[in-house]
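Okay, so here's the structure we're looking at.
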Amino acid sequence: MRRAAVTIASAALVALLGASARADQGVPIAVDVPLFTISKSENRNQVQYVVRVDEHCAPLTGAPIWAYWRMIELGPSRTAPLLGREQRAYGIEGQQVLERGPEDAKLRLVLRAMPSRPIEIQTGRSPAGTCVASSTMLVAGAPAHLFGVYVKLKWPVGVDYLIIQAWSLDGSHVVTERVNG
């Protein structure tokens, strides 16, 4: 048991030293910035969409947006990848980097479940110096900053309706739209 603990501690130290060495060698450091979540009526777990950016808050790769499960039912920091069978409901149909600046970028995201509702992603730096991103889409007929989608599932299978939730562009109020399944 003690030997296993020493081995794990050694591996963690090597990983930490390796990470700082890579940062010192000019390898870009990736940060995942949250975009929005999808929750469903079945349980409290959520699909979290993020954009991976570099230290300048610009997308790190040509396809920097990805999604994973936040397994809240198992614990606040538990995560899991999306399964193949879940791609139709939660997967990404397409993404494109539209503009890339030295410390910001504009991207377009299309979800498989809502191909007629493209989402514009804007990355940049907050006044506090951290990387931030906003997700803008049409909600109730007007552009708004998306933060969540609630899916009411239908028994035995399917979607009854979606509730899209977003902040108005001026941030003064929440905009919601119900989309029937």
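Just so it is clear, none of the values below were taken in a lab; they were calculated from the coordinates. Please read all numbers here as calculations on a predicted model, not as lab measurements.
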May I ask you to evaluate 6.51 cos²θ - 1.76 cosθ + 1.60, the Karplus curve with θ = phi - 60°, for each residue of the range 70-87 and list the ³J(HN,Hα) values in order in whole Hz, giving x for glycine and proline?
9, 7, 4, 4, 9, x, x, 10, 7, 9, 7, x, 5, 7, x, 6, 8, 4
Taking every alpha carbon pair in the range 108-165 and sorting the distances into 5 angstrom bins from 0 up to the bin holding the longest one, the percent per bin comes out as 4, 16, 20, 21, 15, 11, 7, 3, 2, 0
Mind listing P(r) for the range 74-181? All alpha-carbon pairs, 10 Å bins, whole percents.
13, 35, 38, 13, 1
In whole Hz, the Karplus estimates of ³J(HN,Hα) for the range 108-122 (6.51, -1.76, 1.60; θ = phi - 60°; x where Gly or Pro) are 10, 10, 10, 8, 4, 6, 9, x, 7, 10, x, 10, 9, 9, 10
Hey, what do the phi angles of the range 29-42 turn into as Karplus ³J(HN,Hα) couplings, whole Hz, using 6.51/-1.76/1.60 and θ = phi - 60°, x for Gly and Pro?
9, 9, 10, 8, 9, x, 10, 6, 10, 10, 10, 9, 6, 5
